[in-house]
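Encoded as structure tokens, the structure appears first; notes follow it.
The values are calculated or read from the model by the stated rules, or taken from the named source; none is laboratory data. On a predicted model such as this, the values are computed, not experimentally measured, just so you know. FYI the Cβ positions are ideal-geometry reconstructions off the backbone, even for glycines, and counts take in every protein chain you see.
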Amino acid sequence: MKKRYDIKILGQELAVLSDAEDEQVANVVRFVNEKMEAVVMSREGLRALDVAILAALNISEDFLKLEGVNKDLCDRLESRSEKLIRLIESASE
């Protein structure tokens, strides 16, 4: 069941609904705030919308890199698993 959370992102108060645990919501809020604050520190004078867009782009870039790493690891694991299965099958013949 979704729970309502009153959060603050870059000074803006928002009400959000989430199925996540309290700690997970707090971690997400902290992460987003850290990313947005990093953008603010790197370039002063940005509008809040620009900060949000740049932070979203940075987060997306990080996500896509990790997604690629995860896919590569899964592919390698699958390949090794198939080799092990073939070895086990040939040893039992």
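Select, from Leu54, Leu14, Leu46, the only residue that is surrounded by 13 or more Cβ atoms within 10 Å (Cβ to Cβ) and not in a helix (DSSP H, G or I).
Details: Leu54 fails: not in a helix (DSSP H, G or I); Leu14 fails: surrounded by 13 or more Cβ atoms within 10 Å (Cβ to Cβ).
Testing whether each residue is surrounded by 13 or more Cβ atoms within 10 Å (Cβ to Cβ) and not in a helix (DSSP H, G or I) leaves just Leu46.
Out of the residues in segment 1-11 that are in contact with an Asp or Glu (Cβ under 9 Å, 6 or more places away or on another chain) and modelled with pLDDT under 95, state the one that is surrounded by the fewest Cβ atoms within 10 Å (Cβ to Cβ). Per the stated criteria, the residue is Met1.
The number of residues in segment 19-62 being of a type in the set (Ser, Thr, Tyr) and in contact with a Leu (Cβ under 6 Å, 6 or more places away or on another chain) comes to 0.
Answer yes or no: is there a residue in segment 27-47 that is over 23 Å from Phe63 (Cα atoms), small (Gly, Ala, Ser), at pLDDT 95 or above and out of contact with any helix residue (DSSP H, G or I) (no Cβ under 6 Å at 6 or more places or on another chain). Can you show your working first?
Going through segment 27-47, the residues over 23 Å from Phe63 (Cα atoms) turn out to be 44-47.
Now narrow it down to the ones that are small (Gly, Ala, Ser): 45.
Cutting the leftovers down to at pLDDT 95 or above gives us none.
Within segment 27-47, none of the residues are over 23 Å from Phe63 (Cα atoms), small (Gly, Ala, Ser), at pLDDT 95 or above and out of contact with any helix residue (DSSP H, G or I) (no Cβ under 6 Å at 6 or more places or on another chain).
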